[in-house]
Amino acid sequence: MTEPSDLRLPTDNICSAKIAGTGMYLPEKKITNRELGKKMNYDVEDYLEEKGIGVRFQAGPEESTSDLAAEASSRALDDAGLSANDLDLIILATDTPDYVTPPTSAILQHKLGAENAGSFDINAACTDETLGLAIGSQYITLDQEIENVLVAGAYGMTKWLDWGDYSDSTSKVLGMLFSDGGGAVVLSSSEQPGYLASNTLTEGEFWDAYGIYLGTANPPDREMVEKKEHYLRFHENEHHVPPDFNEDRWPKLIEETMDKVNAEVKDLDSVLFNQIDKSTIEETMGRLDLDPSRTHLVMDKFGYAGSASVLMALHDALGEGKIGSGDLVAFCTSGAGFVMSVSLFRWI
């Protein structure tokens, strides 16, 4: 019988995780605001100018979420100087999976040819990629056999929009906001601490504010499809999300995360957010008393690609040389449910 003193514990060989590579992918079809306005026969410019969204990309008819993830992941692997067979684990973050089951991560693993990697999906709506960064880092920290983890955030939400009907305000808003794409990060073991801390917040009373409401609580049937209730929907009810929801909660969540590592918000070199609303990001940076130059906006050129958006922002910020060695970088995202998350890294 093995004695407790003989067990090899996770704490015996703790290492850390760093971000070793990034990648992103956008579908070929691009719809500008002007083109969208003509398609809708509706002036979208003022609304989208405030949001900061300048374009959206739409996955092709044969292009699935796993395809978007595979393209972004291949580029992240190249950036990290690794092959798919170097991966020990794949985490696929999305709320627009290829199927309800099997998990999209298994399909991604197959498409990449990552024969040595286990995999699983996480779905926390548009905050899941930030949770994926924390979970992947914690695997590397606590499991000696996990050295390289792929975190892929992919979004195929345009498949869940009613593109044939702009007769009501909800259809117009949804058609304006969402874009498809993939973002990916390779996490690798490191002797220096890269991943530092994370934080999450859930306010589940807002679960019925918006979403794709089909599943075991509401199985799809012919009537649902005929009424087009299987598409993404906003609900007007007593639990409608307040317009200042994120800017009221993001600062506190970031401050609490910094407290975990005995640091202050002013020590942050970069804060990357969901790319759905420019004014919300600017307001949050103001409440944190951080200069706007310490964040990075990409919704003007990539649109809002949900589960991929903060990883796209990271990839683009790196390309512009806005993040360097030693920088403290926080990822802050939120999604339907209502779920919010922060992950903090030291750039190595």
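As I understand it, the dipole of region 1-152 uses +1 on the Cβ of Lys and Arg and -1 on the Cβ of Asp and Glu, about the Cα centre. Which of Y139, P27, A124 lies farthest toward its positive end?
P27
What is the angle, in °, between the Cα long axis of helix 245-260 and the longest principal axis of the Cα atoms in the chain? Nearest 10 is fine, range 0 to 90.
Roughly 0 degrees between the two axes.
Test of understanding: in a Gaussian network model of the chain with alpha carbons linked when under 10 Å, which of K227, K260, K278 would top the mean-square fluctuation ranking?
Result: K227 has the largest fluctuation of those listed.
Got a sec? How would T65, T284, T130 order by Cβ neighbour count within 10 Å, fewest to most?
Neighbour counts put them in this order, fewest first: T284, T65, T130.
For a quick check, take a GNM of the chain with Cα springs below 10 Å and name the residue from S179, S279, S334 with the largest mean-square fluctuation.
Comparing S179, S279, S334 in a Gaussian network model of the chain, the most mobile one is S279.
In the chain, if the dipole is taken from +1 on Lys/Arg beta carbons and -1 on Asp/Glu beta carbons about the Cα centre, which of L214, P61, A154 is farthest to the positive end?
Comparing the listed Cα positions along the dipole, P61 ranks first.
Considering only DSSP beta bridges where both residues belong to the chain, give the percentage that are antiparallel (nearest 5). Write down the numbers at each step before the final one.
Numbers: 39 of 55 bridges.
Antiparallel bridges make up about 70 percent of those DSSP assigns within the chain.
Based on other C-beta atoms within 10 Å, arrange E191, E129, E63 from fewest to most.
By the 10 Å Cβ count, ascending, the order reads E191, E63, E129.
Enter the angle in degrees (range 0 to 90, nearest 10) between the Cα long axis of helix 278-287 and the first principal axis of the Cα atoms of the chain, meaning the one along which they spread out most.
That works out to roughly 50 degrees.
Taking region 195-346 as the region of interest, what is the percent of Cα-Cα pairs per 5 angstrom bin, listed from the shortest bin to the one with the maximum distance?
Bin by bin from 0 Å, the calculated values are 2, 9, 17, 19, 18, 13, 9, 7, 4, 2, 1, 0.
Within region 10-190, what percent of beta bridges assigned by DSSP are antiparallel, to the nearest 5?
Roughly 65 percent of the DSSP beta bridges within region 10-190 come out antiparallel.
May I ask which of K111/K301; K278/K301; K159/K227; K278/K322; K260/K301 have a Cα-Cα span longer than 24 Å here?
K111/K301; K260/K301
Read through the labelled values [x] 0.94; [y] 0.99; [z] 1.08 and report the label of the one computed as Cα Rg over 2.2 N^0.38 Å from the structure.
Working out Cα Rg over 2.2 N^0.38 Å from the coordinates points to [y].
Chymotrypsin sites (Phe, Trp or Tyr not before Pro), restricted to region 92-150: which are DSSP loop and have at most 14 other Cβ atoms within 10 Å?
Passing sites in region 92-150 are Y99.
So how do R34, R249, R222, R56 line up by other beta-carbon neighbours within 10 Å, fewest first?
Listed from fewest to most nearby Cβ atoms, that is R222, R34, R249, R56.
Cα axis of helix 128-142 to longest principal axis of the chain: angle in degrees, 0 to 90, nearest 10?
10
What size of dipole, in debye to the nearest 20, comes out for region 10-190 about its Cα centre when the only charges are +1 on Lys and Arg C-beta atoms and -1 on Asp and Glu C-beta atoms?
Dipole size: approximately 420 debye.
Is there a quick way to get the dipole size of the chain? I mean about its Cα centre, with the Cβ of Lys and Arg at +1 and of Asp and Glu at -1; what is the value in debye to the nearest 20?
Dipole about the Cα centre, nearest 20: 640 debye.
Every read-out reported here was derived from the displayed coordinates using simple, explicitly stated rules and does not represent laboratory data. A quick note: this is a predicted structure, and the numbers were derived from the prediction, not measured. Neighbour counts are summed over all protein chains in view; Cβ atoms, including those assigned to glycine, are modelled from backbone coordinates with ideal geometry.
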